[in-house]
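**Q** Here it is, the structure, as structure tokens.
Where a number appears in this text, it was derived from the coordinates with a stated rule and is not lab data. Bear in mind that the values here come from a model prediction, so they are computed numbers and not experimental data. Backbone-built Cβ (ideal geometry, glycine too); neighbour counts: all protein chains shown.
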Amino acid sequence: MNVLEITNLTKKFADFIAVDNMSLSVAEGEIFGFLGANGAGKSTTINMIAGLLRSNDGTISILGKNSAKQSRFAKMNIGMVPQDLAIYEDMTAYENVKFFAGLYGLRGAELNERVEEALEFVGLQDKHKSYPKSFSGGMKRRLNIACAIAHRPKLIIMDEPTVGIDPQSRNYILTSVRKLNEMGCTIIYTSHYMEEVEEICSRIAIIDHGKIIAEGTKEQLKSIITNTKDVWIEVKSIENANLESIKEINGVEAVFIDENLIKINSDTGVNNLNKIIEHFMSSGIEIRSLQEKAPNLETVFLTLTGRNLRDQ
Amino acid sequence: MNILNIAWKGIKTDFRDTRTLFFMLAFPIVLMLVLGTALSNTFTTSLRVDDIDVLYKDTTKGEDFPHFIAAAEKSGLHFKKATSSIDGEKEVKQGAYDGYVEVTAQGLQLYVNNGTSIEGNILHGMLASFVDQYNIASEIIKVAPEKLESAFTREKPADFIKETSLLPDKQPGSMDYYAIVITTMIILYGAMSASSLIVSERVRKTADRLIASPVRKSEIFIGKVLGSLVSNSICIVLVILFSKLVFKANWGDHLGLVFLVLLTEVIFAVSMGIGVSFLTKTSAGPRVFIMLFVQLASFFGGAYFKINNPEGIFKLITDLSPLTWMNTALTKIIYANDFAAALPALSINLASSFIFLLVAVISLQRREGL
């Protein structure tokens, strides 16, 4: 059964089409990844699913029911973890979860039980009397999640839940996402961190200019670009690197820099590794390591959209 | 139930906010104390007059003026006989005495430094009374000397003029006045916090979570307004009780009606705050507007200084201040038992509230999200 079914969804802001005739479905038990650069339309899509925005056209069905016609049913079954922290700093962790869970009709002992359960799930049971202003970024993110899961939704939408937190908290959250999934929740997950999506999502949609340009499992997406390989070159310093001239080497399709790591997408049919190395040596750039990699999700994204995921 | 849930959350967080508590509780109490004490003279209707020293010269050798002196001494007038070497007029000019009286067979001559001074007026009045009595006695002696004694020895002279003082005891003192005007002013300041009721949810991004929950926008709106009304009302009740019990401010014998009028002002302030918040695009805009409005309304509504009998354009401006109609209504209820005075204030407050709430509701319906 599909937990989410989107058909011909369209959203316009004045003349700008943020979501363009989008259709997709998410089956029960999936962790569905949404990938897209800033402004691609993924947040708009998520906001329409969660009922924060109205669509101009198309339908959204949650558990088989049209969310526009049965919005209360849809909202009761959705847990929203917004990209921005949506918690009250002047209420304790316990009060925050209790207040939001109370909006879903939970009362009395059941409410308290669910609140404790949610706080325990995110590892904040010992901090339930503390105010979020004393929390680290990671703890706030976990509380943000607890507020969305106390009412036990069938579908949890997580919009960039790991932004700006330490690796330990990120791992905690990713583990939590998997646990929620094991407990039967279907999850829609967006992130700027490609490795997160690659690690936890069972199916992924790549969105660009309001449209889904590719959709499938990791393996299915990677198979789209079988004629591309990645060459990762770590250099001592990129000060003298002339990226434009690297692009002129036969077979090189794109070049990206991640600190001292230069990532080159190249055509698998062209043997140009010697020329690339020669280019660096002639430029006086010291190579520390070189790896030729099979394409990952980032390569797929770059190839399909022409943009880095973190491009503004 | 969601409405109560949202309202209760608002009340709880309002009372946890030290800024709210300071502004809604400590600030008005301190302001009442400072203004009520510092400006108490402005509201005093009595005047203190010290003893009056009078120099006199009596050349008549009669007994009438010494009798007058003896009687006047009881009223704080001290007469001293001038020796021949003393220049009475000069003594008065130099301020050594409040007045100089020369008693001759031709009559009385009074010298005072300032004819319009209180001391001069008192002296003049008493001497004039003495002269009148003397003249009456002279006339009685001429026609019926046997009646003279009975005419002047009556123990209690009949009062031919009945004097009634208008509102002598039921005038607000400074603390009474400032208890009313500071309370109505602080209620109006409630519009500031009301202006951020919805805006703060947007800024904190909790608006998204609220909208994502199965709660209607109308429930969120009513819950927010209700919470703010209750918070503000509790603060006002505490301020009134404190001013009544500690400062002994007079809130009259009709506290129920006074609270009702004040409650409509709370509704007005909260509605104005939330209405204005939907009329401006920036989150800081409503606060700036409301701050300016409340300051002007307070100044022209007499919150800082009592405004007596304004005229012309100044009167028009003071009449436009919500504090003017509130303070007028409350003063009439408390000091004149004029219950009908509540009606204009109640009507204007509720009608204005309706308009502001209507603006907010229409804007909310048109918006996506909160």
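**Q** On alpha carbon coordinates alone, what is the Rg over Rh value for the range B:249-348, Rh being the Kirkwood radius?
**A** 1.02
**Q** Calculate, for A:R107 and A:L243, the FRET efficiency according to 1/(1 + (r/R0)^6) with r their C-beta to C-beta distance and R0 60 Å; round to the nearest 0.05.
**A** Step by step, r from the Cβ atoms, then E = 0.50.
**Q** Determine ³J(HN,Hα), in whole Hz, for all residues of the range A:197-202 in sequence, where each value follows from phi through the Karplus function 6.51 cos²θ - 1.76 cosθ + 1.60 and θ = phi - 60°; x replaces Gly and Pro.
**A** 4, 5, 6, 10, 8, 8
**Q** Taking a quarter of the surface of the convex hull around the Cα atoms of the range B:300-370, what do you get in nm²?
**A** The number I arrive at for the range B:300-370 is 6.8 nm².
**Q** Here's another thing I want to ask about it. Please say if the range A:97-162 is rounded, prolate or oblate, where rounded means a/c under 1.5 for a ≥ b ≥ c the square roots of the C-alpha gyration tensor eigenvalues, and otherwise the choice is prolate for a/b larger than b/c and oblate otherwise?
**A** On the way: a/c = 2.07, a/b = 1.23, b/c = 1.68.
Oblate, because a/c is 1.5 or more while a/b does not exceed b/c.
**Q** Could I have the simple spin-label model distance between A:E199 and B:S150, label points 7 Å from Cα toward Cβ, reported in nm to one decimal?
**A** The two pseudo-label positions are separated by 12.2 nm.
**Q** Pull out the extension gain between B:F259 and B:L21, defined as 0.36 nm times the separation in residues minus the alpha carbon to alpha carbon distance; nm, one decimal.
**A** Values: separation 238, 0.36 × 238 = 85.68 nm, distance 2.01 nm.
Length gained between B:F259 and B:L21: 83.7 nm.
**Q** How much net charge surrounds A:L221 when only the other residues with a Cβ under 14 Å from the Cβ of A:L221 are counted, with Lys and Arg +1 and Asp and Glu -1?
**A** -2
**Q** Among B:F22, B:V294, B:I198, which residue has its Cα furthest toward the positive end of the charge dipole of chain B, with +1 on Lys/Arg Cβ and -1 on Asp/Glu Cβ?
**A** B:I198
**Q** Please work out the FRET efficiency for the pair B:S84 and B:T37, using the Cβ-Cβ distance as r and a Förster radius of 41 Å; give the result to the nearest 0.05.
**A** FRET efficiency, B:S84 to B:T37: 0.20.
**Q** Report the antiparallel proportion of the DSSP beta bridges in the range A:87-219 as a percent, rounded to a multiple of 5.
**A** Details: 5 of 10 bridges.
Approximately 50 percent, going by the DSSP bridge assignments.
**Q** Let me ask another. Return the tail of the calculated pair distribution for the range B:202-308, meaning the percent of Cα-Cα pairs more than 16 Å apart.
**A** Result for the distance tail: 72 percent.
**Q** Separate question: Hey, what do the phi angles of the range B:249-264 turn into as Karplus ³J(HN,Hα) couplings, whole Hz, using 6.51/-1.76/1.60 and θ = phi - 60°, x for Gly and Pro?
**A** Once rounded to whole Hz, the list reads 5, 8, 9, x, 9, 10, 4, x, 5, 4, 5, 4, 5, 5, 5, 5.
**Q** Here is a further query. Taking H placed 1.01 Å from N in the peptide plane, check which residues at least 5 places from B:F79 or on another chain put their amide H under 5 Å from its amide H.
**A** B:V54
**Q** List the extent of the Cα atoms of the protein assembly as shown along each of their three principal axes, largest first, rounded to whole Å.
**A** Principal extents (largest minus smallest coordinate, Cα): 148, 61, 49 Å.
**Q** Then there's this: For every helix of n ≥ 4 consecutive DSSP H residues, a contribution of -39,500 (n - 2.57) applies; sum these over chain B, divide by its total residues, and give [θ] at 222 nm rounded to the nearest 500 deg cm²/dmol.
**A** -21000 deg cm²/dmol
**Q** Here's a follow-up. Along the three principal axes, how long is the range B:276-322 when you take its alpha carbons, biggest first, rounded to the nearest angstrom?
**A** 40, 19, 12
**Q** For the protein assembly as shown, give me the percentage of DSSP beta bridges that are antiparallel, rounded to the nearest 5 percent.
**A** The antiparallel fraction comes to roughly 60 percent.
**Q** Right, here's the next one. What's the lysine pair count for the range B:1-106 at a Cα cut-off below 16 Å, pairs eight or more apart or interchain?
**A** Counting lysine pairs in the range B:1-106 gives 7.
**Q** Using only C-alpha positions, report the orientation-averaged shadow area of the convex hull of the range A:1-129, nm², one decimal. Walk me through the numbers on the way to the answer.
**A** Details: hull surface 38.4 nm².
Projected area, direction-averaged: 9.6 nm².
**Q** So what are the three principal axis dimensions of chain B from its Cα atoms, in whole Å, longest to shortest?
**A** Rounded to whole Å, the extents work out to 106, 43, 39 Å.
**Q** Now a separate question. Multiplying the sequence separation of A:H192 and A:S23 by 0.36 nm and subtracting their Cα-Cα distance, what value in nm do you get? Walk me through the intermediate numbers first.
**A** Working: separation 169, 0.36 × 169 = 60.84 nm, distance 2.22 nm.
Gain on extension, A:H192 to A:S23, equals 58.6 nm.
**Q** Note the full-extension length gain between B:S138 and B:S75 as 0.36 nm times their separation in residues minus their Cα-Cα distance, in nm to one decimal.
**A** Additional length available on full extension: 20.1 nm.
**Q** How many percent of DSSP beta bridges within chain B run antiparallel, rounded to 5?
**A** 40 percent
**Q** On average, how much area does the Cα convex hull of chain A cover when viewed from any direction, in nm²? If you can, show how the numbers build up before the last one.
**A** Numbers: hull surface 73.1 nm².
Over all viewing directions, chain A projects a mean Cα-hull area of 18.3 nm².
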